[in-house]
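**Q** My questions all concern the structure below.
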Amino acid sequence: MAEQTLGLAGTTAWPAEFAERYRKAGYWVGQTFGEALREWAQRSGEATAVVCGERRWSYRELDQRVDRLAAGLQQLGIQPKQRVVVQLPNCAEWFVVCFALFRVGAIPLMALPAHRLAEIGYFCQHSEAVAYVIADKVGSFDYRNLAAEVKAVAPTLEHVLVVGESGQFTALADVDAAPSQFPVLDPAEVALFQLSGGSTGVPKLIARTHDDYLYSVRASAEICELDASSVYLCVLPMAHNFPMSSPGTLGTLAAGGTVVLAPQPSPDVAFPLIAREGVTITGMVPPLALLWLDAAAKRKAELASLKQILVGGAPFGADTARRVQPELGCQLQQVYGMAEGLVNYTRLNDPAELICHTQGRPISPLDEVRIVDDEDNDVPLGELGHLITRGPYTIRGYYQAAEHNQRAFTSDGFYRTGDLARLNAAGYVSVEGRAKDQINRGGEKVAAEEIEQHLLNHPAIHDVALVGLPDRFLGERTCAVIVSNGVNINRREVVQFLRSRGLAEYKLPDLVEIVASLPKTGVGKINKRLLREQLSAGSVPA
Ligand code: OOB
C-alpha cells in the first residue's frame with residue numbers, strides 16, 4: 001500500500017481509518033493553533049496570558065500582537081508551509097512569533113537556545129528554512145554572529161529576524177503591519193517541527209499537526225487539572241516539548257491560566273517569581289528538582305502557592321520522588337514523554353506508591369502501548385521489554401527520513417521509543433532503561449553516533465565510543481572513550497575540537513578516556529555494555 005503523506009512532502013500521515021477514529025472520538029477537533037489562540041482571546045480577553053519580566057500581556061493583547069506580526073510576515077513574503085527556525089530564550093516574543101507563523105501557515109522549527117552552528121545549520125538545510133528568528137544576545141553570546149555563520153551554509157535562508165538590536169539583520173519589531181486576510185489552513189496539516197533526542201548521526205525532525213498537537217495540549221491540561229486560576233512557571237527552555245505542551249505553556253493558555261516565564265531555572269531566580277506571581281504549577285527535569293529540594297530546606301515559605309510540580313525527561317528515583325510532597329509542599333506528577341508524541345502522567349489523586357514508583361499512564365484511551373521482546377512479540381504483563389507505541393498524537397514517521405523510518409517504526413506504525421519499560425495491570429509505565437544509543441544527561445539527550453562521527457574527523461583519533469556513566473546529579477554523564485593514532489590527545493583538545501565544529505555545549509563530553517582498544521561484539525561492533533562495565537570497574541586496557 002502506498003504510504004500516505006501529509007501535504008508537506010517527506011511527512012507520513014496516519015492511515016485514514018486511524019484518522020477517522022481519532023476524529024470520531026473527539027480528539028482531533030479540526031482547529032488550527034491560529035484559530036485556537038483567537039478562541040482563547042475571545043474567552044479570556046483581559047486575563048493575563050503571559051508574564052515576562054515586568055511585561056504582562058492579556059490574552060487580547062497577545063492575540064493582537066500575533067495578528068500584526070502575522071500580517072508583517074505576509075508582507076515579507078512568508079508563505080504557507082514554508083519553514084522558519086525559531087531559536088529564542090524564554091521570552092514573550094516566542095509566543096508572538098510561533099502563533100504568527102501558525103496564523104500564516106508557516107511552520108516553526110523549535111530550536112533550543114543551546115544549539116550552535118552544527119545544529120542550526122543542519123536544521124535550516126534539512127528543513128529548507130526561509131527564515132531564522134533569534135534574540136540579539138543572551139549573556140555574552142551574540143546570536144547575530146551565529147546567524148551570519150548559518151546564512152553562509154543555508155542557501156534557502158532569506159530572512160534573519162532579531163528580537164532586540166538587529167545589527168545587519170531585520171528587527172522583529174519592524175515586521176509589523178495592519179492585520180489582513182489570513183489563509184484558511186487544514187488542521188490536519190503540519191503545524192510545527194519538534195526535535196528528536198536522536199540516536200543517529202543527525203537529529204531527526206518531528207512534524208506535528210495542529211490536530212494531534214492541540215489534542216495532546218488540551219488533554220494534558222485536563223489531566224493536570226489546569227483552569228483559569230492556574231499560574232504556570234516555565235523554567236525549562238520553552239521550545240522543548242515538555243514545557244511547551246505537557247501541559248506546559250500551551251496547556252496553560254488553553255485552560256485560560258497565566259504563563260510566567262523564568263529567564264533561568266535556579267532557585268534564586270525561580271523562587272522569588274513563584275512568590276511574586278502566585279505560581280501554582282511548574283515542570284522540570286530531575287537534576288533541577290534535586291536543586292530545588294535542597295534550596296527549599298531554608299526557603300519553603302516562598303513556595304506556598306505551589307500546588308504541583310511535574311518531573312520528567314529522565315529517570316527520577318523513588319527516594320527523591322518521595323521527598324517532593326513534604327519538602328516542597330506540593331504534589332508530584334511524574335511525566336514520561338517524548339517529542340515524537342506519547343506522554344504519560346501520574347494523576348494528581350493517584351496513591352503515593354504509583355506517583356513515586358511509576359512514570360504514569362498515557363494521556364489518551366486511544367494510545368496503544370506495547371512492551372515487546374527483540375522479535376516484537378508481546379512479553380507477559382509486568383515483564384521488562386521494549387516500549388513501542390502508536391496513537392492520536394504520536395508520529396508515524398520522521399520528516400524526510402524514509403530509510404531511518406524503516407527501523408524506527410514497525411510495519412504497522414508503532415514508534416520504537418528505544419526505552420526499556422514494564423507495564424502494570426492498570427496501564428502504568430515504569431521506565432527502567434534504554435536500548436537506544438543515546439545518553440540522557442539530566443534530560444538533555446545526546447546521540448552517541450552524532451558525537452562519534454564528529455570525533456572521527458580528528459586526525460589524532462582512530463576509534464571512539466561515547467558512553468554514559470552514572471552521575472549522582474545528572475543521572476548520567478558522557479564519556480568519550482578514544483583509541484588514538486599514537487598522538488596524545490586530552491579532554492581540553494577534544495572539547496575545543498567539537499566546539500570548533502559548532503556543537504552545542506551540552507553535547508561536549510564530560511570525560512575523556514584514552515584506551516588501547518575498544519571491546520567488540522561478535523559482529524565487530526563496539527560492545528558498549530562491556531565498555532561501560534570496564535570503565536566502572538576501572539579495567540579498560542589503557
Ligand atoms: C522528553 O522528550 P524528549 O524527546 O527530549 O526525550 C524522550 C526520551 C524518552 O524516550 C526517554 O528515553 C526519556 O526521554 N525520558 C524518560 C522520562 N521522560 C523522558 N526516561 C525516564 N523517565 C522519564 N520520566 O523528555 C519529554 C517530552 C514530553 C514530556 C516529558 C518529557
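**Q** Given +1 on the Cβ of Lys and Arg, -1 on the Cβ of Asp and Glu, and no further charges, what dipole in debye does the chain carry about its Cα centre, rounded to the nearest 20?
**A** Its charge dipole is roughly 640 debye.
**Q** Something else about it: Please give the Cα centre distance for the range 190-244 versus the range 60-129, rounded to the nearest Å.
**A** So the separation of the two Cα centres works out to 16 Å.
**Q** On full extension of the chain, what length is gained from Q64 through L530, given 0.36 nm per residue of separation minus the C-alpha to C-alpha distance?
**A** The Q64-L530 span can extend by a further 162.0 nm.
**Q** Of all accessible surface on the range 1-134 at a 1.4 Å probe, what whole percent is carbon and sulfur?
**A** 48 percent
**Q** Roll a 1.4 angstrom probe over the protein heavy atoms and tell me the percent of accessible area of the range 446-537 that is carbon or sulfur.
**A** Roughly 47 percent, rounded to a whole number.
**Q** Which far-off residues, 5 or more places away or on another chain, put their amide H under 5 Å from the one on Q333, with H placed in the peptide plane?
**A** Correct list: I309, L310, V311.
**Q** List, in the order given, every pair from K204/K525; K151/K507; K81/K307; K300/K507; K137/K528 whose Cα-Cα distance in the structure shown is over 31 Å.
**A** K81/K307; K300/K507; K137/K528
**Q** Would you compute, from DSSP H runs of 4+ residues alone, the mean residue ellipticity of the chain at 222 nm, taking -39500 (n - 2.57) per run and dividing by the full residue count, rounded to the nearest 500?
**A** So the helix-based figure for the chain works out to -9500 deg cm²/dmol.
**Q** When the accessible area of the range 250-350 is computed with all protein chains present and a 1.4 Å probe, what percentage of it is carbon and sulfur?
**A** C and S atoms contribute 55 percent here.
**Q** Determine the gain in length on full extension of the stretch A275-R499; use 0.36 nm per residue of separation and subtract their C-alpha separation, reporting nm with one decimal.
**A** Length gained, A275 through R499: 76.8 nm.
**Q** A further question follows. So, for the chain, what is the accessible surface per residue at a probe of 1.4 Å, expressed in square angstrom?
**A** Each residue of the chain exposes 40 Å² on average to a 1.4 Å probe.
The values are calculated or read from the model by the stated rules, or taken from the named source; none is laboratory data. Everything numeric in this text was worked out from a predicted model, so none of it was measured. When we count neighbours, we look across all protein chains shown, and the Cβ atoms used for this are built from the backbone with ideal geometry, even at glycine. Surface areas here come from the heavy atoms of the whole protein model, side chains and all, with no ligands, DNA or RNA. Shrake-Rupley method; radii C 1.70, N 1.55, O 1.52, S 1.80 Å.
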